[in-house]
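So the structure is just underneath, and the comments pick up after that.
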Amino acid sequence: MAGADIWSLLEPSALIDPHPIYREWYGRSPVLWDSDIEAWLVTGYEEALTALRDAERFCQDWRRVGVDTPPSLLSLQTLDPPEHTRVRHLVLEGFKAADLSALEQEVRTSLDGLLAEVQGAGGFDFVTKIAEPLTLHAVTRLLGVPSVDPDWFIPRSHTIVDGMDSSLRPECYEPGVKARAELSELVGEWLDAPLPEGFTAHVVRRANEVGVERDVLHNSLRVVLQAGFQTASRFLSTGLHALLRLPPELRRPVDNDLAVNELVRFAGPVHVESRACVEDTVLGGQQIRVGQIVSMFLGAANRDPRTFDAPDVPRWDRTPNRHLGFGRGPHACLGAQVAVMIARAVLGTLGHRCPTASLVAEPRPRPNVTEHGLFELHVAL
Ligand code: HEM
């Protein structure tokens, strides 16, 4: 059987719309072996859901299959239950210590200020003028830490995302490691700083009591900063782009949680989550061997016709909507509520205030298969 041609996902047209490729793989098998990267490509919804939920058979902590993990990587993202559960509960306490309604107000005020700066210009870049600065501001406010210089942070943050695709682009691995270390230094400063009561102050104070090691806490705070900034800012851009490409009769202001979730299903930024198989097992009729990598293509699973009616069309009131855009199981997204709030505030406001917004030029996609994003998105309001 011919290989899956995983490299075709790096073509600019596939970075904008990978679904023709996903459909072809799915047609061959919802769980397909790729001999180039030696991994199973899971495009079926039920199969992806099974693997995401089952940390016994499909691990996130690759030490369980003999892969060395440096201490700088041990965080809530790379541990499995039961160790993971303690860290996750602590981070969840952090989210609860943040004032989300005050944060929503801040996001709306921040949007007003940024819109005022671009108003009147014939067109502007939504990514660098709105999505990125607004999300960075929101995530640092959520964490209750000092503002971060966007010119320092944003390029490093993108370099880390590039590093996540190093199985396809090996040259991105080392720069990703270096950028992650630099972000770690920044986060390290927060651990000893006198911070106001809120997310970070709370988790730093509580970590000892609940038995979370300082290194793991440190790395987990870095994960919240990085995951929160990247996914939420990329979603604003991929989401707005998807909206502006729709025929007028399908467009509407994405101003409530149902609509935002449908946009996450339809155009969410996180396309791949991988696990390692812990014991010989069967998934989607395929024999998976211990140690093999299983890559869940969430974007594909979210359009599985066995699960979603008319999967290639957004239905703004789709109910139920059990999409996997925020993951599922023990590692499901902890920031989903924050992400939905930011998207509702930004895309809802734009939809109401600027109903005739349009694309000025076709955007240039970032070369990321795992987390889709755009270098720029020129729009006219
Ligand atoms: C639209 C925006 C977002 C999307 C699409 C998204 C998607 C995801 C997905 C798919 C996962 C699961 C990863 C896995 O299974 O390994 C995840 C985990 C996570 N997300 Fe999000 N996310 C978003 C926004 C946010 C925000 C705003 C934050 C924080 C402020 C955040 C924090 C996290 C954290 C901490 C985890 C790791 C949870 C764990 O491993 O236990 N996310 N996210």
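The values are calculated or read from the model by the stated rules, or taken from the named source; none is laboratory data. Keep in mind that this is a model prediction, so the values were computed, not measured. Cβ atoms come from the backbone with ideal geometry, glycine included; neighbour counts cover every protein chain shown.
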Subject >> Those residues of the stretch 238-251 which are surrounded by fewer than 23 Cβ atoms within 10 Å (Cβ to Cβ) and hydrophobic (A, V, I, L, M, F, W, C), in sequence order >> reply: Ala242, Leu243, Leu244, Leu246, Leu250
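Take the residues in the stretch 57-80 that are of a type in the set (D, E, K, R) and more than 22 Å from Val91 (Cα to Cα), then tell me which one is farthest from the ligand (Cβ to nearest atom). Let's see the steps before the verdict.
Of the stretch 57-80, the ones of a type in the set (D, E, K, R) are 57, 61, 63-64, 68, 80.
Pick out the ones that are also more than 22 Å from Val91 (Cα to Cα) and you get 57, 63-64, 68.
Details: Arg57: 15, Arg63: 16, Arg64: 15, Asp68: 20 Å.
Per the criteria, the residue is Asp68.
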Subject >> His89, sole failed condition from (1) within 16 Å of the ligand (Cβ to nearest atom); (2) in a loop (DSSP other than H, G, I, E, B) >> reply: (2)
**OP:** Working carefully through the options Phe326, Phe235, find the one that is within 10 Å of the ligand (Cβ to nearest atom), under 21 Å from the mean Cα position of the chain (by Cα) and surrounded by fewer than 22 Cβ atoms within 10 Å (Cβ to Cβ).
**Re:** Phe326
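Results for (1) touching a His at 6+ places or on another chain (Cβ under 8 Å); (2) within 16 Å of the ligand (Cβ to nearest atom); (3) assigned to a strand (DSSP E or B); (4) modelled with pLDDT of 95 or more, shown as yes or no for each residue.
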| residue | (1), (2), (3), (4) |
| --- | --- |
| Pro305 | no, no, no, yes |
| Asp309 | no, no, no, yes |
| Pro314 | no, yes, no, yes |
| Gln337 | no, yes, no, yes |
| Val340 | no, yes, no, yes |
| Thr356 | no, no, no, no |
| Phe375 | no, no, yes, yes |
Original post:
Do you know which of the residues in the stretch 252-296 that are outside any strand (DSSP E or B) and of a type in the set (Asp, Glu) is surrounded by the most Cβ atoms within 10 Å (Cβ to Cβ)?
Top reply: Glu262
Subject >> Number of the exception - Ser13 against (1) in contact with a Lys or Arg (Cβ under 8 Å, 6 or more places away or on another chain); (2) more than 16 Å from the ligand (Cβ to nearest atom); (3) at pLDDT 95 or above >> reply: (1)
Subject >> Conditions (1) over 20 Å from the mean Cα position of the chain (by Cα); (2) buried (at least 19 other Cβ atoms within 10 Å of the Cβ); number of the one not met by Glu171 >> reply: (2)
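Of all residues in the stretch 116-139, how many are free of Cβ contacts under 8 Å to residues at least 40 places away in the same chain and either basic (Lys, Arg) or not in a loop (DSSP other than H, G, I, E, B) (or both)?
So the first thing to find is which residues in the stretch 116-139 are free of Cβ contacts under 8 Å to residues at least 40 places away in the same chain, and the list is 116-117, 120-121, 129, 133, 137.
Filter again for either basic (Lys, Arg) or not in a loop (DSSP other than H, G, I, E, B) (or both), leaving 116-117, 129, 133, 137.
So the answer is 5.
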Original post:
What number goes with the only condition from (1) outside any helix (DSSP H, G or I); (2) crowded, with 16+ Cβ neighbours inside 10 Å; (3) at pLDDT 95 or above that Glu47 does not pass?
Top reply: (1)
Original post:
Just checking, which of Val203, Val187 is out of contact with any strand residue (DSSP E or B) (no Cβ under 6 Å at 6 or more places or on another chain), within 14 Å of the ligand (Cβ to nearest atom) and touching a residue at least 60 places away in the same chain (Cβ under 8 Å)?
Top reply: Val203
